[in-house]
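> I am attaching a structure below and will ask some questions about it afterwards.
The values are calculated or read from the model by the stated rules, or taken from the named source; none is laboratory data. All values reported here derive from a predicted model rather than from experimental measurement. Don't worry about glycine lacking a Cβ; one is built from the backbone with ideal geometry, like all the others, and counts go over all protein chains shown.
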């Protein structure tokens, strides 16, 4: 047996077995690449008849070593290693378990055959980091799976199962039982049957099978799906090269476009999101070995859209849920919402009837608080009324067992005030889900002043278990996300008064990369939601400048509530729900501008973007100063996963660093001079860093 630090080699029954062992995910580090190349080269002259490439640990090669991105290339490069594999005179079988992703799957495609256990998943997720497969993935996959299937896989970045990969000829054999023994047996069978060295590079794609204009049409489809991102477009160019050019020329096109993407601001931003997501899961003052409480049963208070969605999150991972409603009618309505949601998933082919039945069995309903006596976690999801929430928590305090965690799903309310309604504030925290809760990935975990460490650790762990990306917030009005959103919404209203149309504002935001502009989003959510929230704030004594909501309030008072009433800032086509500009709204806006003495003017898209985004950045700086968020990256995660901020911009705080904090600060000062300090007041941290020529990232490094 020969051995390097991460690659070992031995001959078993005339089959050379190359074993990769680079914990935790066998990433393609320089040492792994060098060891793999050396093992394949040495095996060319030994007694082996064929080779098996297999990995130790929980997974096959799960991808590139992302820590090497942006650094000078280290030899050998992955493309060089894969040429060595592909040109081996001895047949090589890749044996896959766990996940073979990115460079890991590209490595398997350079082998002559691929086998996998049934639980394995494969894919090329590079597009999610703003790049494209750079080691032949765009050239080899279409030669095996076909152009259309390859494009869908590579531009979506989503992994597929071994069974799906087998149907697409990406996997040659699904192994039952032990993978190592099965792969050696499969390699020996191939040798004994005289199987050829199947080099994917030798396959020619029949271009006549593609309809005229196929690639151009695919680019247009992607432009709508991946708004403003360059990597999907470049992937199409690479696959087109695979069709039209010889393999080596196609590989050169791929390499050139890979480097272009890698050096782009979009890839920097998306790699930032990748690392920030992992950092957000870590709580600075919480030891990694903090004990967690066992969560075997969960209760949800409130069976509306939010409560039902939260219940589904737990049922989806096999945790029984009890949903409590105020009466039997409301309960049946809530359970009906859940059944309907699951039925839609079944109709889309993403779940079987049996799976739906299994999950529905895990969700039961009650109207009696006494039935919650044995739950380990209860999440309140009732109306945003602090008195109702306190009443709910007092009832829970009376019936829940000692050690049960009590969480509020409030979007705005003071978690400490809610906790004070109980005799055990240490067991209370916020778990702020985003709607629809069964779809949206973000979970804001809100740490109260008295929240116990193990309660906090449990919430973060259970959030991850139900598939959420968790970000920690301290207590303040609106926490991280909704607190920051206030300035974004205010400026949308002021831009209307200043002369920008709803369509112009939304187009500027969407061209920036937002999934939906602020006014279209208001119409989707319902303008009456904000109207009622403003009424509640004013009833509580808050004074709200009428300029920041006069148009929105007038629309509600006219019965224009948004999409649900067929009209809001826009008219909506009853069949398609397409939004159409409405002259009546233009007239309303003009009248309100005159009422406030505002002279309307032409406004550029650049100004719209700055006035929408810079309030997010400024409020984010305040949130950092106050210790509400742990780090700038946590804020970015909240906005990317909770508010559809474009990942290709990295989140508001990363975007600020890219624009330059001095540029942001100078613009805010200019807007302050034009509009007034009531709307624009630079955060002290932003001012300090701008004057020092620093960044949020550099500041964060000093806080660790």
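> So, residue 121, is that one under 27 Å from the mean Cα position of the chain (by Cα), more than 30 Å from residue 207 (Cβ to Cβ) and either touching a residue at least 60 places away in the same chain (Cβ under 8 Å) or in the same structural domain as residue 244 (by TED's automatic domain parsing) (or both) or not? Give the derivation first.
Values: under 27 Å from the mean Cα position of the chain (by Cα): yes; more than 30 Å from residue 207 (Cβ to Cβ): yes; either touching a residue at least 60 places away in the same chain (Cβ under 8 Å) or in the same structural domain as residue 244 (by TED's automatic domain parsing) (or both): yes.
Yes, satisfied.
> Then there's this: When the residues of the stretch 466-502 are filtered to those that are more than 27 Å from the chain's Cα centre (by Cα) and part of a helix (DSSP H, G or I), which remaining residue is nearest to residue 677 (Cα to Cα)?
Here the residue is 494.
> Can you tell me how many residues within the stretch 535-569 are in contact with a helix residue (DSSP H, G or I) (Cβ under 7 Å, 6 or more places away or on another chain), in a helix (DSSP H, G or I) and more than 15 Å from residue 520 (Cβ to Cβ)?
Final tally of qualifying residues: 6.
> Counting only residues that are touching a strand residue (DSSP E or B) at 6+ places or on another chain (Cβ under 8 Å) and at pLDDT below 95, which one in the stretch 390-422 is surrounded by the most Cβ atoms within 10 Å (Cβ to Cβ)? Show your work before the answer.
Taking the stretch 390-422 and keeping what is touching a strand residue (DSSP E or B) at 6+ places or on another chain (Cβ under 8 Å), we get 392-393, 396-397, 400, 404-411, 415, 418-419, 422.
Still in the running and at pLDDT below 95: 410-411.
Numbers: 410: 23, 411: 18.
The extreme case among them is 410.
> Still on this structure, please answer the following. In the stretch 75-88, is there at least one residue being farther than 15 Å from residue 107 by Cα and touching a helix residue (DSSP H, G or I) at 6+ places or on another chain (Cβ under 7 Å)?
no
> Quick one: residue 334 ticks every box in (1) surrounded by fewer than 19 Cβ atoms within 10 Å (Cβ to Cβ); (2) touching a helix residue (DSSP H, G or I) at 6+ places or on another chain (Cβ under 9 Å); (3) at pLDDT below 95 bar one, so which box is it?
Tallying (1) surrounded by fewer than 19 Cβ atoms within 10 Å (Cβ to Cβ); (2) touching a helix residue (DSSP H, G or I) at 6+ places or on another chain (Cβ under 9 Å); (3) at pLDDT below 95, residue 334 fails exactly one: (1).
> If I filter the stretch 130-153 for residues that are in a helix (DSSP H, G or I), touching a strand residue (DSSP E or B) at 6+ places or on another chain (Cβ under 9 Å), closer than 24 Å to residue 242 by Cβ and at pLDDT 95 or above, do I get at least one hit? Spell out how you get there, then give the answer.
Let us first name the residues in the stretch 130-153 that are in a helix (DSSP H, G or I), namely 137-145, 147-153.
Still in the list and also touching a strand residue (DSSP E or B) at 6+ places or on another chain (Cβ under 9 Å): 153.
Next, from what is left, pick out any that are closer than 24 Å to residue 242 by Cβ: 153.
From what's left, at pLDDT 95 or above: 153.
Looking through the stretch 130-153, at least one residue is in a helix (DSSP H, G or I), touching a strand residue (DSSP E or B) at 6+ places or on another chain (Cβ under 9 Å), closer than 24 Å to residue 242 by Cβ and at pLDDT 95 or above.
> What tally of residues in the stretch 336-369 results from selecting those that are within 28 Å of the chain's Cα centre (by Cα), assigned to a helix (DSSP H, G or I) and closer than 15 Å to residue 311 by Cβ?
The number of residues fulfilling the criteria is 11.
> Mind checking which residues of the stretch 47-64 are farther than 15 Å from residue 8 by Cα, without any contact (Cβ under 8 Å) to a residue 60 or more places away in the chain and surrounded by fewer than 19 Cβ atoms within 10 Å (Cβ to Cβ)?
Of everything in the stretch 47-64, those that are farther than 15 Å from residue 8 by Cα, without any contact (Cβ under 8 Å) to a residue 60 or more places away in the chain and surrounded by fewer than 19 Cβ atoms within 10 Å (Cβ to Cβ) turn out to be 47, 58.
> Hey, does the stretch 472-489 have a residue that's surrounded by 21 or more Cβ atoms within 10 Å (Cβ to Cβ), closer than 19 Å to residue 291 by Cα and either in contact with a strand residue (DSSP E or B) (Cβ under 7 Å, 6 or more places away or on another chain) or outside the structural domain of residue 636 (by TED's automatic domain parsing) (or both)?
So far as the stretch 472-489 goes, yes, one or more of its residues are surrounded by 21 or more Cβ atoms within 10 Å (Cβ to Cβ), closer than 19 Å to residue 291 by Cα and either in contact with a strand residue (DSSP E or B) (Cβ under 7 Å, 6 or more places away or on another chain) or outside the structural domain of residue 636 (by TED's automatic domain parsing) (or both).
> For the list (1) surrounded by fewer than 18 Cβ atoms within 10 Å (Cβ to Cβ); (2) closer than 28 Å to residue 188 by Cα; (3) under 29 Å from the mean Cα position of the chain (by Cα), I need the number of the one condition that residue 41 fails.
Single failed check for residue 41: (3).
> Count, please, the residues in the stretch 647-678 that happen to be in a loop (DSSP other than H, G, I, E, B) and modelled with pLDDT of 95 or more.
Initially, the stretch 647-678 is screened for residues in a loop (DSSP other than H, G, I, E, B), giving 650-651, 660, 676-678.
If we keep only those that are modelled with pLDDT of 95 or more too, we end up with 650-651, 660.
Final tally of qualifying residues: 3.
> On to the next question. Go through 351, 323 for me and flag whichever is crowded, with 17+ Cβ neighbours inside 10 Å, over 17 Å from residue 407 (Cα atoms), touching a helix residue (DSSP H, G or I) at 6+ places or on another chain (Cβ under 7 Å) and free of Cβ contacts under 8 Å to residues at least 60 places away in the same chain. Give the derivation first.
Working: 323 fails: over 17 Å from residue 407 (Cα atoms).
Just one listed residue meets the conditions, 351.
> Follow-up. In the stretch 398-421, which residues are closer than 18 Å to residue 293 by Cα and without any contact (Cβ under 8 Å) to a residue 40 or more places away in the chain?
Just the residues of the stretch 398-421 that are closer than 18 Å to residue 293 by Cα, to begin with: 400-408.
Scanning the stretch 398-421 gives 400, 401, 402, 404, 406, 408.
Okay, residues lined up against (1) more than 22 Å from residue 98 (Cα to Cα); (2) within 27 Å of the chain's Cα centre (by Cα); (3) surrounded by 15 or more Cβ atoms within 10 Å (Cβ to Cβ):
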| position | (1), (2), (3) |
| --- | --- |
| 153 | no, yes, yes |
| 167 | no, no, no |
| 184 | no, no, yes |
| 204 | yes, no, no |
| 208 | yes, no, no |
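> Being more than 19 Å from residue 439 (Cα to Cα), loosely packed, with under 13 Cβ neighbours inside 10 Å and in contact with a strand residue (DSSP E or B) (Cβ under 9 Å, 6 or more places away or on another chain) is true for just one of 328, 288, 280. Which residue is that? Spell out how you get there, then give the answer.
Working: 288 fails: in contact with a strand residue (DSSP E or B) (Cβ under 9 Å, 6 or more places away or on another chain); 280 fails: loosely packed, with under 13 Cβ neighbours inside 10 Å.
Within the list 328, 288, 280, the selection yields 328.
> Determine if the stretch 426-448 includes at least one residue that is part of a helix (DSSP H, G or I) and touching a residue at least 12 places away in the same chain (Cβ under 8 Å).
yes
> Say whether the condition of being within 20 Å of residue 639 (Cα to Cα) and either in a helix (DSSP H, G or I) or in the same structural domain as residue 376 (by TED's automatic domain parsing) (or both) is met by at least one residue in the stretch 395-408. Before the answer, list the steps.
So in the stretch 395-408, the residues within 20 Å of residue 639 (Cα to Cα) come out as none.
Within the stretch 395-408, not a single residue is within 20 Å of residue 639 (Cα to Cα) and either in a helix (DSSP H, G or I) or in the same structural domain as residue 376 (by TED's automatic domain parsing) (or both).
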